[in-house]
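Peer 1: Got a structure for you, written out below as structure tokens; questions coming shortly.
The values are calculated or read from the model by the stated rules, or taken from the named source; none is laboratory data. In this text, all values refer to a predicted model and were calculated from it rather than measured experimentally. Ideal geometry is used to build each Cβ from the backbone, glycine not excepted, and the neighbour counts take in all protein chains shown. What goes into the accessible areas is simple: the full protein's heavy atoms, side chains included, and nothing from ligands, DNA or RNA. Shrake-Rupley method; radii C 1.70, N 1.55, O 1.52, S 1.80 Å.
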Amino acid sequence: MNQGKRIHSIIKAVGFSVVFGLLITTGVSADEKHHEDPTKIVTKIGVGYSDTASLSGSIGLDEVRMLNGRVNDTGEWRIGGSWLFDLGILNFNFSRTDYENDSYRNNYSIGTYVPLSSFDIAPAGWMLFPMAGYSYNDGEMAVPSDNDLEDDYVLMRSKAHGVYLGMFGVRPIADTDWSVLAVAGGAVGSENYTSYWGGLGMSYKINKNASFNLFAFLSEDDYGNNNKIGGSFSYQF
């Protein structure tokens, strides 16, 4: 078994272990949080549209454990779970992302958000959530053809593992139900893999259960770029 397959198996084992832990253990309960707080354990359903229509949802198993997923009409998908602790949340995710020229990337990751509000840090009213984690990617990337083939690109198998760092922020606007959203991050890994992403948006809380957001997001890695402008609506049960 080569190194890539071993790493792939390890990540799957960790993911299944976290799922098992989500189903059988208890932890620290969460206080009432902002509706865009990434450490919030909640049961909800959502619909969205950027270049494609998407359906998303999460199931709060209790006050500290949650399963979630997302799928769009082109076949891209994500499934994962979360486990809340005193000072942050542990997340795992499996996902598929498609790019131009039939290239695609499967991602397996485990990481965390840490709310800086736990340390009484909220510069200029921003709720900040540093993120960090480990990821493994495999898929096929389109590279320019170097001969006289009919196609301009050929697909090359690619595998890489690495780490990512980033920051997510929420800035509630005083005396309104609007909030500003921002995110930025990057990743480096084996085989000279690099990635970066960033986005800005606005979120509006319609009532206790419903909210919507508008966003612009860009990302680029060795597989291609994935830039989006869109919006989504979610309803919390």
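Peer 1: Tell me, in nm to one decimal, what length is gained between T74 and L87 on full extension, where the rule is 0.36 nm per residue of separation less the Cα-Cα distance?
Peer 2: Length difference between fully extended and current span is 1.0 nm.
Peer 1: Given +1 on the Cβ of Lys and Arg, -1 on the Cβ of Asp and Glu, and no further charges, what dipole in debye does the stretch 71-166 carry about its Cα centre, rounded to the nearest 20?
Peer 2: 720 debye
Peer 1: Given a cut-off of 28 Å, name the pairs among K40/K228; K44/K159; K205/K228 whose C-alpha atoms lie farther apart than that in the structure shown. List each step's numbers first, then the result.
Peer 2: Values: K40/K228 25 Å; K44/K159 34 Å; K205/K228 22 Å.
In this structure, K44/K159 exceed 28 Å between Cα atoms.
Peer 1: Here's something else I'd like to know. So which GluC sites (Glu not before Pro) in the stretch 70-158 end up in coil per DSSP with only 15 or fewer other C-beta atoms within 10 Å?
Peer 2: E150
Peer 1: Here's another thing I want to ask about it. Identify, among M127, L155, G199, the residue whose Cα sits farthest towards the positive end of the charge dipole of the stretch 108-205, taking +1 on the Cβ of Lys and Arg and -1 on the Cβ of Asp and Glu, with the dipole about the Cα centre.
Peer 2: Result: M127, furthest along the dipole toward the positive end.
Peer 1: With every protein chain present, what is the per residue accessible area of the stretch 85-213 (1.4 Å probe, Å²)?
Peer 2: Result: 55 Å² per residue.
Peer 1: Also, I was wondering about something else. Can you give me the solvent accessible area of D222 with a 1.4 Å probe, rounded to the nearest 10 Å²?
Peer 2: Result for D222: roughly 60 Å² accessible.
Peer 1: What is the gain in length, in nm to one decimal, between I121 and K33 on full extension, counting 0.36 nm per residue of separation less the C-alpha to C-alpha distance?
Peer 2: Contour length minus Cα-Cα distance gives 30.1 nm.
Peer 1: How about the stretch 127-236: which trypsin sites (Lys or Arg not before Pro) there are in a DSSP loop, with at most 12 other Cβ atoms within 10 Å of their Cβ? Display every interim value, and only then the final one.
Peer 2: Values: sites: R157, K159, K205, K208, K228; in loops: K208.
In loop regions of the stretch 127-236 (DSSP not H, G, I, E or B), the sparsely surrounded trypsin sites (Lys or Arg not before Pro) are K208.
Peer 1: So, one more: Provide L55, L116, L165 ordered by accessible surface of protein heavy atoms (probe 1.4 Å), highest first.
Peer 2: L165, L55, L116
Peer 1: Can I ask one more? Of all accessible surface on the stretch 194-237 at a 1.4 Å probe, what whole percent is carbon and sulfur?
Peer 2: Working: 1560 of 2530 Å².
Carbon with sulfur: 62 percent of the solvent-accessible area.
Peer 1: Once ligands and nucleic acids are excluded and a 1.4 Å probe is used, how much of I41 is accessible, expressed in Å² to the nearest 10?
Peer 2: 30 Å²
Peer 1: Using modelled amide H (1.01 Å from N, peptide plane; none on Pro or chain starts), what sits under 5 Å from the amide H of I206, excluding residues fewer than 5 places away?
Peer 2: S211, F212
Peer 1: Next question, about the same structure. Given a 1.4 Å probe and heavy atoms of the protein chains only, how would you sort T43, T194, largest accessible area at the top? Could the numbers behind the result be given before it?
Peer 2: Values: T43 50, T194 75 Å².
Correct descending sequence by accessible area is T194, T43.
Peer 1: Determine the order of H161, H34 by accessible area, beginning with the largest, at a probe radius of 1.4 Å.
Peer 2: Greatest to least solvent exposure: H161, H34.
Peer 1: For F237 and V154, FRET efficiency with R0 = 41 Å and r from the beta-carbon atoms, rounded to 0.05? Write out the running numbers ahead of the final one.
Peer 2: Numbers: r = 47 Å, r/R0 = 1.16.
The pair V154/F237 has a calculated efficiency of 0.30.
Peer 1: A follow-up question, please. ³J(HN,Hα) across the stretch 122-131 via Karplus (A = 6.51, B = -1.76, C = 1.60, θ = phi - 60°), whole Hz, x for Gly/Pro?
Peer 2: Result, rounded to whole Hz: 8, x, 6, x, 7, 8, 10, 9, x, 10.
Peer 1: For the stretch 89-237, what relative contact order do you get, as a whole percent, if you take Cα pairs closer than 8 Å and at least 6 residues apart?
Peer 2: RCO, the stretch 89-237: 16 percent.
Peer 1: Give me a comma-separated list of calculated 3J(HN,Hα) values for the stretch 166-180, in order, Karplus coefficients 6.51, -1.76, 1.60 applied at θ = phi - 60°, integers in Hz, x for any Gly or Pro.
Peer 2: Karplus-based 3J(HN,Hα) across the stretch 166-180 equals x, 8, 10, x, 10, 10, x, 8, 4, 6, 9, 9, 8, 9, 8 Hz.
Peer 1: Taking the Cα centre of the stretch 117-237 as origin, work out the dipole magnitude from +1 charges on Lys and Arg Cβ and -1 charges on Asp and Glu Cβ, in debye rounded to 20.
Peer 2: On the way: 6 positive and 14 negative charges, 193 e Å.
That gives the stretch 117-237 a dipole magnitude of about 920 debye.
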